[in-house]
Each structure stands twice: as structure tokens, then as C-alpha cells.
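Input: a single structure, listed below in C-alpha cells.
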Amino acid sequence: MTVPTSLRELTKLADYIVPFALRAVCDLRVADHLADGPRSVEDLALATGSHARTLYRAMRVLACNGVFTETEPRVFAMTPLAEPLRTDSPWSVREAYPLLTADIMAWAHLGHTLRTGEPAFARANGMDAWEWFAAHPAESARFDASQQAVTRREVRSLIPAYPWGSFETIVDVGGGTGAFICALLAAFPALRGTLFDQPHVVAAAGPVLAAAGVAGRCEVVGGSFLEAVPAGAQAYVLKRIVYGLGDEDAVGVLRLIRAAMRPGGRVLIIEPVVVPGNEFDRGKLYDLLLVTMSGGGGRTREELEEILAKADLELVRVIATSSLPIIEARPS
């Protein structure tokens, strides 16, 4: 009997072996060790501090899915699909795919979210995501590194898409360790910035700003954007922030920004906008991710307009890019 195509496709979609193997191999930096050519699995195990027989099992799983290739028995080489897994690739996503225990535990409790609408992360880990990361600095650093890796890819489309140079001052609200504000300041030498995030997060921003050569033009401020934001800037960026908040908190943050900005300022929300229909849409993926992890979720354009209006802001335009849209708002 022929296996239905639908069954094969469903099996592939439901499988988590390949994603877990890929993330574990990223943590081991295997692609970095294959940059100069094929190597035996024994050499790779020695270089990565792993168990050769088990590493072989993971590598052949990835090879049969097009990530790496087994050129001869127990010898592996790079493929085009594996190139972005190299740390030195200009498109590197190696750090974007960490295996974070707390995240995995949250997904294991997705059924709780589906039944109740409550975040699975808190159910699985005993506290919300930001409390958990504050209490686990090593995992917080890995999460921050994953966000930097994603941002390095996104800035290629975000920076040319908007006239950032028309501002003199900009605040990156919830900006992590500074990957996005660094890219902006490097591209626009007359621009001055403020990096604002929780104290334990921005404590690690110094080396990032220094490496980008922008430390002299970027103030670093620690605090909670649920309580206050730095005042007096022309523009406030919220990159991947608003969709992580419930409506009440989102409106509260936007009201704080509305009160803090200069007259005629701009709020720039950078995140997926959920679109209707059956077409593939990353906004729908992030929507489920956020409701599982933090209780937020993606929003349609109409839903964004509604929360902006409650903060005395109006949506000006949505600028599509090849990564994330830029949602521009101004005081109403």
C-alpha cells in the first residue's frame, strides 16, 4: 500500500528530531569546524568536546535533510544550506537557534495555553519569562545573543527602508544589548541614541557598543518600560516588543512614550503584522510563540490602530521590508 503524501508531509511537520539536532549542532559550532573542508566525525567530536558515536547519529540525521553531507563513511562536509551556520558567515544564524531549557519546557506545556489562554512559560518554569532570564544570567546571555543574531540579519532591510537620518535622537526601547541601535548609529553618524532595557540586560551592552564604534553617541539606561522611558527624544523604536505585551501593557507603554517624546515625534514599531487568509505568514507563527511564552501575541493592522488610538497615537503607515514591517505612528 502506498503511503499517502499527506501522511508523509504531516510526519515531517510534526517531527522535532531535526530541529533539536540542528540547534544542538549549532551550539557545538560544528559548521565552524568544517569551514576548511571535510572532517571525520572523530575529529569533529574532539574539536567540539562531544561523543563521537552520538555526534555521528546527529550529523547523519542532518545530512539526510540536506544540512551537511556525508562524503565518505563517517566524514562530513558543508552544504550551501549549512553555510549560514558558520559564525563568520555574513548571514550567520548560528546563535539564533539556541536550545534553551526553559523554552523547551514551555512548549511541552502548550496544551495548557490552548486550554486556558495563559502563557505556558510561567506554568512550566514557575515565573514569567523576563523574571526567569533575570534569575538565570547565563541563559539570558544566550537569549540576548540569539536576538543579536536575528537583528544582524534584519537590519539589512530595515535600515534602507526608513529615513532614520531625519532624526537627531532616538531611543531603542527594550533594545537588548544594542544590536539594532548600533546598526542605526553606524549608518547615520549624526544620530545620537539611547539604549533602554532592564538593568541586567544593558549591563552587557558596553562591549557591543564599543565594537561597533558608537559608544560615544549612545547613552545606556536601565529600567522597566512598564514604568518609565527616557524622555526628550524625537523617535522611539520598539523592535519585537509590542507583540510580547497584552493589550493593557502595550497601551501603557505607548502612553509613556507619547508623554516622553518631543512634539511631532515618531513611534516606530518593528514586528510582524498578522494578515488574514491561508497564505504563509510569519506573523501567525510569532503570534503563537508569544502567547505561549509571554501572553502577548501578534496583531492585525486594525488591532494595532486600536491600541495606538488608546495611547493618543495614530498609525501613519506600514512599510513592508523583506524581514519585518516598520509601523510608523505619531501623536494624534
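Coordinate-derived values only; no laboratory data. As the structure is a computational prediction, the values presented were derived from the model and not from experiment. Counting neighbours? That spans all protein chains shown, and the Cβs are built from the backbone with ideal geometry, glycine included.
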Net charge near residue 123: determine it from the other residues with C-beta under 14 Å of the C-beta of residue 123, scoring Lys and Arg +1 and Asp and Glu -1. -3
What residues have an amide H closer than 5 Å to that of residue 220, excluding those fewer than 5 places away on the same chain, when H is modeled at 1.01 Å from N in the peptide plane? 195
For the stretch 74-88, Karplus-derived ³J(HN,Hα) couplings (6.51, -1.76, 1.60; θ = phi - 60°; whole Hz; x for glycine and proline) come out as 6, 10, 10, 9, 6, 10, x, 5, 7, 4, x, 7, 7, 4, 8
Please work out the FRET efficiency for the pair residue 11 and residue 93, using the Cβ-Cβ distance as r and a Förster radius of 41 Å; give the result to the nearest 0.05. 0.95
List the residue ranges in the chain for DSSP H helices whose C-alpha atoms run 30 angstrom or more along the long axis and whose Kyte-Doolittle average is -1.0 or above. 137-158
Taking 0.36 nm per intervening residue step and subtracting the Cα-Cα distance, what contour gain separates residue 227 from residue 187 on full extension? 11.3 nm
Sorted largest first, the Cα spans of the chain on the principal axes come out in Å as 67, 48, 36
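Can you give the alpha-carbon Rg of the stretch 41-110 over 2.2 N^0.38 Å, where N counts its residues?
Working it through for the stretch 41-110, the quotient is 1.28.
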Using only the Cα atoms of the stretch 1-59, what do you get for the radius of gyration and for Dmax, in Å? 15.3, 46
Sort the stretch 145-186 into rounded, prolate or oblate with this rule: let a ≥ b ≥ c be the square roots of the eigenvalues of the Cα gyration tensor; rounded if a/c is under 1.5, and if a/c is not under 1.5, prolate when a/b is larger than b/c, oblate otherwise. oblate
Within a Cβ distance under 13 Å of residue 140, other residues only, what is the Lys/Arg minus Asp/Glu net charge? -4
Among beta bridges that DSSP assigns inside the chain, antiparallel share in %, nearest 5: 45
Rh (Kirkwood, all Cα-Cα pairs) for the stretch 14-173, Å, reads 18.1
Between residue 281 and residue 64, what length in nm is gained on full extension when 0.36 nm per residue of separation is reduced by their alpha carbon distance? 75.4 nm
In nanometres, the difference between 0.36 nm per residue of separation and the alpha-carbon distance of residue 46 and residue 303 is 87.3 nm
Could you compute the net charge surrounding residue 174? Neighbours are other residues with a C-beta less than 9 Å from the C-beta of residue 174; K and R count +1, D and E count -1. 0
Work out how far the C-alpha atoms of the stretch 107-158 reach from end to end along every principal axis, then list the three figures in whole Å, largest first. 39, 25, 15
Rg (one decimal) and Dmax (whole number) from the Cα set of the stretch 152-238, in Å, equal 11.9, 32
